[in-house]
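The values are calculated or read from the model by the stated rules, or taken from the named source; none is laboratory data. Computed from a predicted structure; not experimentally measured. Neighbour counts are summed over all protein chains in view; Cβ atoms, including those assigned to glycine, are modelled from backbone coordinates with ideal geometry. In case anyone asks, the SASA skips ligands and DNA or RNA and just uses the protein heavy atoms, side chains included. Shrake-Rupley method; radii C 1.70, N 1.55, O 1.52, S 1.80 Å.
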Amino acid sequence: MRTLFVIILALAAMAAHAASLGEQADSAYNKEDYRSAIELYRSSIENEGRSSDIYYNLANAYYRADKLGMAVVNYERALKLDPTNSDARANLEFVRSRIQDRPEDDSAFLSNVHHSLLSSMKANSWAWFSFAMFALLLGAVAVYIFSTNVAFRKAGFFGGIVLLFVFAYSLVVALQSASMAKSHEEAVVITPSTQLSSTPRASRTASDKVVTIHEGTKVEIIDSIATPDDPVSPKWYNVKINNSAKAWLRASDVERI
């Protein structure tokens with residue numbers, strides 16, 4: 001019985017310690033000890049789980065430590081968990097204004113509108129919105145079938161058509177939003193600079209096409225290849241930036257979001 005009591009006390013102490021990690025990190029941040037704050041926030045994520053707020057706080061600490069790449073990574077992670085985190089979005093835009101590379105957005109207008117809608121709510125909120133649209137659709141169908149009033153039947157028919165499209169689109173957005181939250185196909189450059197190469201190897205000759213990109217630049221990972229015999233990097237990613245041509249870079253120079 002005494003052994004059980006000791007175990008319970010030990011577990012309670014461990015829980016109290018884990019629960020205080022976030023507060024310890026906040027305290028270190030307020031004391032401008034950003035290196036300790038980063039370690040404590042990371043420990044809090046490992047022990048207490050992920051949240052948009054903790055990634056936001058971690059990103060702020062990285063920014064204060066002048067690690068812009070990791071700041072971008074963690075602002076992006078915060079927005080993956082909660083696209084409505086306006087503080088994370090504002091800070092991300094501010095940090096992006098400070099990085100050296102700023103690829104122009106070449107996406108189509110409708111694509112940008114779609115992305116804005118994706119960012120307007122969480123995946124669960126979109127799922128509930130879809131459910132509400134489906135319920136309204138059923139109501140419109142019921143009005144069309146059972147109403148004897150011609151005006152109501154017309155309203156049910158045309159309203160049902162509109163609701164059908166809204167329901168279908170919101171369902172697509174809900175599924176895509178949930179998929180994006182779990183996706184790790186985007187990454188950010190975390191070294192001062194890295195090179196985009198036409199081949200998965202370090203540049204060896206003048207004929208190799210090489211483009212330098214800098215810390216904080218976001219890329220989309222298309223493919224990867226292991227190069228165990230490469231003394232520079234044992235793994236390379238095939239990436240693209242803003243839908244541009246694909247290129248290769250060292251996996252060690254980026255952090256997946």
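Structural remarks
- Filter result (over 19 Å from the mean Cα position of the chain (by Cα) and open to solvent by less than 20 Å² (accessible area, probe 1.4 Å)) within segment 239-253: A247, L249
- So A168, is it more than 17 Å from T217 (Cβ to Cβ) and surrounded by 20 or more Cβ atoms within 10 Å (Cβ to Cβ): no
- Total residues in segment 214-230, condition within 21 Å of the chain's Cα centre (by Cα) and either without any contact (Cβ under 8 Å) to a residue 12 or more places away in the chain or not in a loop (DSSP other than H, G, I, E, B) (or both): 8
- Unmet requirement for F158, which otherwise passes all of (1) of a type in the set (A, V, I, L, M, F, W, C); (2) open to solvent by less than 50 Å² (accessible area, probe 1.4 Å); (3) assigned to a helix (DSSP H, G or I): (2)
- Elements of type helices (runs of 4 or more DSSP H) in segment 15-103, at least 1 residues being within 23 Å of T191 (Cα to Cα) and open to solvent by less than 20 Å² (accessible area, probe 1.4 Å): 34-48, 52-64, 68-81, 86-96
- When each of A245, A178 is tested for being within 21 Å of N112 (Cα to Cα), small (G, A, S) and not in a loop (DSSP other than H, G, I, E, B), the lone residue that passes is A178.
- Look at segment 231-257: where a residue is under 19 Å from M70 (Cα atoms) and among the acidic types (D, E) and a partner is part of a loop (DSSP other than H, G, I, E, B) and at pLDDT 90 or above, sitting 6+ places away or on another chain with Cβ atoms under 6 Å, you get D253/T191; E255/I190.
This table checks each residue for (1) within 24 Å of N242 (Cβ to Cβ); (2) in contact (Cβ under 8 Å) with a residue 24 or more places away in the chain.
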{"position": "S130", "(1), (2)": "no, yes"}
{"position": "A140", "(1), (2)": "no, no"}
{"position": "Y144", "(1), (2)": "no, no"}
{"position": "L164", "(1), (2)": "no, yes"}
{"position": "L171", "(1), (2)": "no, yes"}
{"position": "S179", "(1), (2)": "yes, no"}
{"position": "H184", "(1), (2)": "yes, yes"}
{"position": "A187", "(1), (2)": "yes, yes"}
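- Filter pass, F109 being at pLDDT below 95 and open to solvent by 40 Å² or more (accessible area, probe 1.4 Å): yes
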